[in-house]
Every structure is written in C-alpha cells, then in structure tokens.
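The values are calculated or read from the model by the stated rules, or taken from the named source; none is laboratory data. In this text, all values refer to a predicted model and were calculated from it rather than measured experimentally. Glycine gets a Cβ as well: all are built from the backbone with ideal geometry, and neighbour counts include every protein chain shown. Calculation scope for accessible area: heavy atoms of the full protein, side chains included, ligands and nucleic acids excluded. Shrake-Rupley method; radii C 1.70, N 1.55, O 1.52, S 1.80 Å.
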Amino acid sequence: TCDLEVPHYHFTASRFKMVNDRILVARDVTLNFGDVPVFWLPFLVQSLRDGRRSGLLTPSFGLADVVQTGSRSRRQVRNLGVFWAINDYTGAEAALDWRSGDWLAVRGRFDYRWTRQFLGGYANVRQVFNDEGSRELTLNTSNSWEPGERTIVSAGGQYASSSDFVRRETYDPNELSRTLESSASVRHTFRSGASVDVAVKQTISELGHI
C-alpha cells in the first residue's frame, strides 16, 4: 500500500483470500502508520487488476448514518453509482446521493485525458430533488489544451440555480454563489521567460430558479 522501501503506512488482516487472482477480500483489517495501529475495519475488498476498468463506485457514509444519536439525526449516503471506463482516455460515472428527510441528488460526470495530445477536462452535472418539491441544478466544466511547449489554452464554465442549497451542502468554493459563469484564457511563454496572458470571463449573478 506504500511503495517506499520503509512504508509509511500499511494494512494488516487476520484473514484474507484471493478470488480468481482478481479480488482480495480481507477480514479484521487494521490500518497502521508505521508500527502504530490507528484504524480498524471489519472487512476490506480490493481489486488486484491494473489499468482503468468499469465498476461500482465506493459508497460514502459515516457512523452517525448507521447509529442514530437522536430523533432529529438524519442519515446520509453518497456516491451510490457506477463508473464506465469508455476507453483509455475517457470515462463516465452516474451516482446517487441521499439524505433522509431532506433531498435526493442524481449526478453525472464525464472526463477525458489524451496525454499525447496534452488535452484533458471534465464536465459535471447534478440535479437535486428536495422533499419540499423544489429542484436545484448545478453544472460545471473545465478543459485545457497545450498545443505547444509554451502555450496553454483553457476554458470552463459553471452554473448553480440556487445559492441557498449550495451554501448548505457543498464545500466547493466554485459553487458558493448562484451564478452563471464562463471563462477562457490563453497563455504563451517566450524563450526569454516572459509570458503573455489573454483571458475572457463573463459572469451573470443572482439567476432565478429554472
């Protein structure tokens, strides 16, 4: 789990087995930093295959989502979905996020990266259905291209239909305002070390619900 000769961290398990040399299943797993155990897991499943591949995403939830600490506590589960490895350069995923008594979110992502062409980027979309009957939508994309060793071209955009929901539920600073924004830039560096930047940015703030 750590490629250094003296690993910074490692996992130990009391029992484990390999399934068709493709999946490792372990029970009574302990995460160790150096020789100090710091975290325990009842089980762990790890793929042994290399490269990009399609499969299920790893769900995310906390202890409070399993053990209720009060009548007002709410359960929350994120990242229930699948990833599709379209090829070596592109991938897509679809997932659900849920919070009891509050909202259900459906989100998707598409990403691409051609290393030889120095081209990459992603696009995200999320549709949230509140229990009160309202809907919230967020979109964001970022793309970059390096046509030469000294030139970088980038473009992106973002949109959030509701600032109230985003401020409560996200930690992404790009989503903390209800805005429609698009931007593009070109940067070229000369052999002397001097550089020229040309950027265009357009922002329309305080959009209404769609």
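State all residues of the range 158-193 that are modelled with pLDDT of 80 or more and of a type in the set (A, V, I, L, M, F, W, C); if no residue qualifies, say none.
Those that are modelled with pLDDT of 80 or more and of a type in the set (A, V, I, L, M, F, W, C): Ala160, Ala184, Val186, Phe190.
I'd like the full set of residues that are open to solvent by 70 Å² or more (accessible area, probe 1.4 Å) and either under 25 Å from the mean Cα position of the chain (by Cα) or modelled with pLDDT of 80 or more (or both), limited to the range 55-75.
Listed by number, the residues that qualify are Leu56, Thr58, Phe61, Leu63, Val66, Arg74, Arg75.
Of a type in the set (Lys, Arg), open to solvent by 90 Å² or more (accessible area, probe 1.4 Å) and at pLDDT below 85: does that describe Arg52?
Numbers: of a type in the set (Lys, Arg): yes; open to solvent by 90 Å² or more (accessible area, probe 1.4 Å): yes; at pLDDT below 85: yes.
For Arg52, the condition - of a type in the set (Lys, Arg), open to solvent by 90 Å² or more (accessible area, probe 1.4 Å) and at pLDDT below 85 - is met.
For the range 19-42, name all the residues that are surrounded by 12 or more Cβ atoms within 10 Å (Cβ to Cβ), hydrophobic (A, V, I, L, M, F, W, C) and more than 29 Å from Ala92 (Cβ to Cβ).
Ala26, Val29, Leu31, Phe33, Leu41
Quick check on the range 18-26. Is at least one of its residues in a strand (DSSP E or B) and more than 26 Å from Phe61 (Cβ to Cβ)?
Filtering the range 18-26 down to residues in a strand (DSSP E or B) leaves 18-19, 23-26.
Subsequent filtering for residues that are more than 26 Å from Phe61 (Cβ to Cβ) retains 18.
Yes, there is a match, as at least one residue in the range 18-26 is in a strand (DSSP E or B) and more than 26 Å from Phe61 (Cβ to Cβ).
One line per residue, one yes/no per condition, for (1) without any contact (Cβ under 8 Å) to a residue 40 or more places away in the chain; (2) open to solvent by 60 Å² or more (accessible area, probe 1.4 Å); (3) in a strand (DSSP E or B); (4) polar (S, T, N, Q):
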site: Phe83; (1), (2), (3), (4): yes, no, yes, no
site: Asn87; (1), (2), (3), (4): yes, yes, no, yes
site: Ala92; (1), (2), (3), (4): yes, no, yes, no
site: Asp97; (1), (2), (3), (4): yes, no, yes, no
site: Ala105; (1), (2), (3), (4): yes, no, yes, no
site: Asp111; (1), (2), (3), (4): yes, no, yes, no
site: Val125; (1), (2), (3), (4): yes, yes, yes, no
site: Leu137; (1), (2), (3), (4): no, no, yes, no
site: Asn140; (1), (2), (3), (4): yes, no, yes, yes
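Of (1) in a strand (DSSP E or B); (2) within 28 Å of the chain's Cα centre (by Cα); (3) among the small types (Gly, Ala, Ser), Gly51 satisfies all except one. Which?
It fails just one condition, (1).
Would you check if there is a residue in the range 131-142 being more than 25 Å from Val106 (Cβ to Cβ) and at pLDDT 85 or above?
Of the range 131-142, the ones more than 25 Å from Val106 (Cβ to Cβ) are none.
Within the range 131-142, none of the residues are more than 25 Å from Val106 (Cβ to Cβ) and at pLDDT 85 or above.
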